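Following: one structure in structure tokens, then a few remarks.
The values are calculated or read from the model by the stated rules, or taken from the named source; none is laboratory data. The structure presented is a predicted model; accordingly, all values stated were derived computationally and were not measured. Note: ideal-geometry Cβ built from the backbone for every residue, glycine included; neighbour counts use all protein chains shown.
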Ligand code: 1HN
């Protein structure tokens, strides 16, 4: 640097300091960060092992009731975003516990929520007057601005602690500063339809003749694991195994063919025993819940071994491969519908 450059740098420095009080800043100093050559977000891959997390979920159950907590949840925080209640820049994830006899009181909010049942059965969630009993692997939707409460009455007189994964679009709603919430005077909402009504109406390749979607969210609240699992099995046996994803299906809104939720995409995939996937990356980072089987995900060369009830996050544009030692079933969710709507989704299936 010659004397001239030093002088120019000092003059620029002085200029930037003078700009500050006017809340002005020079774009040329941040352009490369604002418009990166390729995605270079702060999030890191991470894995939460069920064996590590479970004792803390149990302790939370001893320390606070579901009613006092409103929602008794341990948030899965991206290690690179401490204190932000975010597992990626756009996604929230948490593990919620409800003990036998407890009630998590009714409320509604703009944020859309999904539940993926991880552990135990016999809890219920009530959405818009209909209860759905939870079983491991079920995918359940709480649409934006619908009343919802949870309880745990058990099945046939047998009740056990139930844990599920909550996935919400909280960071997206926060980004838009568009959040509203209301609490219901009643702890549990009135039941107005028998359990299974929505699935009967909308979940069998038939729709009520005059049905017109009243919202972009799927009219099915619950996608039972039993049915989805059977399809994976069938397609796996038929050899429809993608070199990158194994047998991977997306959940669908039967009324539109689109995503079940306007902000969150959900997927279920089977990695057959011995599967060794090719590298893949996409701009929608995803949170995974392991339902069955053992294997590993290798993200940018770092290996994370997973087993049943483990959770992991693969951030945006991180190259990753999936391996399975046993038949493995993975549920996942991402912000794909939003990226598709904005026409910014990119994905790459890389050669092995
Ligand atoms: C919420 O309403 C639930 O209803 C779970 O179970 C997690 C996290 C943040 C905000 C609202 C639920 C939540 C939440």
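Checking each residue in the stretch 90-104 for being surrounded by 23 or more Cβ atoms within 10 Å (Cβ to Cβ) and either away from the ligand (no atom under 12 Å from the Cβ) or assigned to a loop (DSSP other than H, G, I, E, B) (or both) picks out 90, 91.
Among the residues of the stretch 171-183, is any touching a strand residue (DSSP E or B) at 6+ places or on another chain (Cβ under 8 Å) and either free of Cβ contacts under 8 Å to residues at least 60 places away in the same chain or surrounded by 19 or more Cβ atoms within 10 Å (Cβ to Cβ) (or both)?
So the first thing to find is which residues in the stretch 171-183 are touching a strand residue (DSSP E or B) at 6+ places or on another chain (Cβ under 8 Å), and the list is 171, 179-183.
With the extra rule that they be either free of Cβ contacts under 8 Å to residues at least 60 places away in the same chain or surrounded by 19 or more Cβ atoms within 10 Å (Cβ to Cβ) (or both), the set shrinks to 171.
Within the stretch 171-183, one or more residues are touching a strand residue (DSSP E or B) at 6+ places or on another chain (Cβ under 8 Å) and either free of Cβ contacts under 8 Å to residues at least 60 places away in the same chain or surrounded by 19 or more Cβ atoms within 10 Å (Cβ to Cβ) (or both).
The C-beta contact set for the stretch 229-240 (first residue assigned to a loop (DSSP other than H, G, I, E, B), second residue surrounded by 14 or more Cβ atoms within 10 Å (Cβ to Cβ), distance under 8 angstrom, 6+ apart or interchain) comprises 240/247. Only one entry in 10, 77 is modelled with pLDDT of 95 or more and in a loop (DSSP other than H, G, I, E, B), namely 77. Within the stretch 72-89, if we keep just the residues that are touching a residue at least 60 places away in the same chain (Cβ under 8 Å), at negative phi and touching a strand residue (DSSP E or B) at 6+ places or on another chain (Cβ under 9 Å), the residue that is surrounded by the most Cβ atoms within 10 Å (Cβ to Cβ) turns out to be 87. Within the stretch 155-170, the set of residues being more than 20 Å from residue 65 (Cβ to Cβ) and either within 12 Å of the ligand (Cβ to nearest atom) or loosely packed, with under 11 Cβ neighbours inside 10 Å (or both) comprises 156, 157, 158, 165, 167, 168, 169, 170. The condition (being under 26 Å from residue 198 (Cβ atoms) and either out of contact with any strand residue (DSSP E or B) (no Cβ under 6 Å at 6 or more places or on another chain) or away from the ligand (no atom under 12 Å from the Cβ) (or both)) is satisfied by just one residue among 37, 135, 107: 135.
When you check residue 186 against the structure, is it within 16 Å of the ligand (Cβ to nearest atom), farther than 25 Å from residue 290 by Cβ and surrounded by fewer than 19 Cβ atoms within 10 Å (Cβ to Cβ), yes or no? Taking the combined requirement at face value, the residue satisfies it.
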